[in-house]
1. What's the total number of residues in region 97-147 that are of a type in the set (S, T, N, Q), more than 20 Å from I233 (Cβ to Cβ) and either free of Cβ contacts under 8 Å to residues at least 40 places away in the same chain or in contact with a strand residue (DSSP E or B) (Cβ under 8 Å, 6 or more places away or on another chain) (or both)?
2. Which of the residues spanning region 203-254 are β-branched (V, I, T), outside any loop (DSSP other than H, G, I, E, B) and surrounded by 15 or more Cβ atoms within 10 Å (Cβ to Cβ)?
3. Is it the case, given these coordinates, that A162 is small (G, A, S), part of a strand (DSSP E or B) and either under 30 Å from L94 (Cβ atoms) or in contact with a helix residue (DSSP H, G or I) (Cβ under 6 Å, 6 or more places away or on another chain) (or both)?
4. So G87 ticks every box in (1) small (G, A, S); (2) buried (at least 18 other Cβ atoms within 10 Å of the Cβ); (3) farther than 19 Å from A17 by Cα but one. Which box is left unticked?
5. Residue by residue through region 175-200, note down the ones that are small (G, A, S) and under 30 Å from P216 (Cα atoms).
6. Out of all the residues in region 181-194, is one or more part of a helix (DSSP H, G or I), under 27 Å from D102 (Cα atoms) and over 14 Å from the mean Cα position of the chain (by Cα)?
7. Which count do you get for residues in region 54-73 that are assigned to a helix (DSSP H, G or I), of a type outside the set (V, I, T) and crowded, with 16+ Cβ neighbours inside 10 Å?
8. Can you tell which of L94, L76 is more than 14 Å from the chain's Cα centre (by Cα), closer than 30 Å to R250 by Cα and surrounded by fewer than 23 Cβ atoms within 10 Å (Cβ to Cβ)?
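The values are calculated or read from the model by the stated rules, or taken from the named source; none is laboratory data. Remember, predicted model here, so these are calculated numbers, not experimental data. All Cβ positions, glycine included, derive from the backbone under ideal geometry; neighbour counts span all protein chains shown.
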Amino acid sequence: MNSMEIQGKTAMITGGASGLGAATARMLATAGARVLIADVNETAGQALAQELGAPAAFIKVDVTQEQEVQRAVEQLNNLHILVTTAGIGVAEKLIGKNGIHDLQKFVRVIQVNLIGTFDVVRRAANLMSANAPDADGGRGVIVMTASVAAYEGQIGQPAYSASKGGIVSMTLPLARELARQGIRVMTIAPGIFHTPLLGTLPEAAMQSLSEQVPFPKRLGQPTEYAALVRHIIENNMLNGSTIRIDGAIRMAAK
């Protein structure tokens, strides 16, 4: 079976300083990849790069700033693996107690989650296309991060759901186009995972979410997300799809 080797490859992870991104950075570094951690959080990013040692480096990147994304990708000689986990959430109803949904908050979520992902992907794919092909003609793998909210967004999640739905929707057109370059594109849609993004929720809400997961009755661990990233990288037939990793949860309206 032809599969992409992780050993000796170069990987970039946006949102790599914490949560799903940090677990992925650890997994890739342990598997022998050179890892570039791109994140707005300098303190956490530097600390993780130090913990991982020589094969890892940190670069401060705000994915909404085109120049910063360009600078990050340009400092790499080559790139084989891109994982995009940078994202933010906002909980706001269309018509809430304090009036209608703030338009700028909606714009901001789309900008970070969807446009930010697209910007990193376009630059990374351009760099990957210069790689020498492997036995299958493969030059790289892109793994984007959506959410089950792309399918079952809850009340108060129009911005977040729209941003994640956009990522799911662009997976196939990107995979179709980049097939010519031998670059695979996949998306992971996590259910409820133990990440800093979730940490902003009240304890009662987190408990209620855990109980909604059919099996196992708990929140997902970032290492489980990272294990799926690894499988996607190593399995060349995975392309152009979104995989849910959610313990069979289907989100309720609220």
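1. 3
2. The first filter runs over region 203-254 and keeps only residues β-branched (V, I, T), leaving 213, 223, 229, 232-233, 242-243, 245, 249.
Still in the running and outside any loop (DSSP other than H, G, I, E, B): 223, 229, 232-233, 242-243, 245.
Result: V229, I232, I233, T242, I243, I245.
3. Values: small (G, A, S): yes; part of a strand (DSSP E or B): no; either under 30 Å from L94 (Cβ atoms) or in contact with a helix residue (DSSP H, G or I) (Cβ under 6 Å, 6 or more places away or on another chain) (or both): yes.
Taking the combined requirement at face value, the residue does not satisfy it.
4. Only one criterion in (1) small (G, A, S); (2) buried (at least 18 other Cβ atoms within 10 Å of the Cβ); (3) farther than 19 Å from A17 by Cα is unmet by G87, namely (3).
5. Within region 175-200, the first condition is being small (G, A, S), and the residues that meet it are 175, 179, 182, 189, 191, 199.
The answer is A189, G191, G199.
6. Taking region 181-194 as the starting set, the residues that turn out to be part of a helix (DSSP H, G or I) are 181.
Those still in the list that are under 27 Å from D102 (Cα atoms) too: none.
Checked against the condition, which is being part of a helix (DSSP H, G or I), under 27 Å from D102 (Cα atoms) and over 14 Å from the mean Cα position of the chain (by Cα), region 181-194 yields no hits at all.
7. Step one: list which residues in region 54-73 are assigned to a helix (DSSP H, G or I), which gives 66-73.
Now restrict to residues that are of a type outside the set (V, I, T): 66-68, 70-72.
Those still in the list that are crowded, with 16+ Cβ neighbours inside 10 Å too: 68, 72.
Total meeting the criteria: 2.
8. Details: L76 fails: closer than 30 Å to R250 by Cα.
One residue alone meets the criteria, L94.
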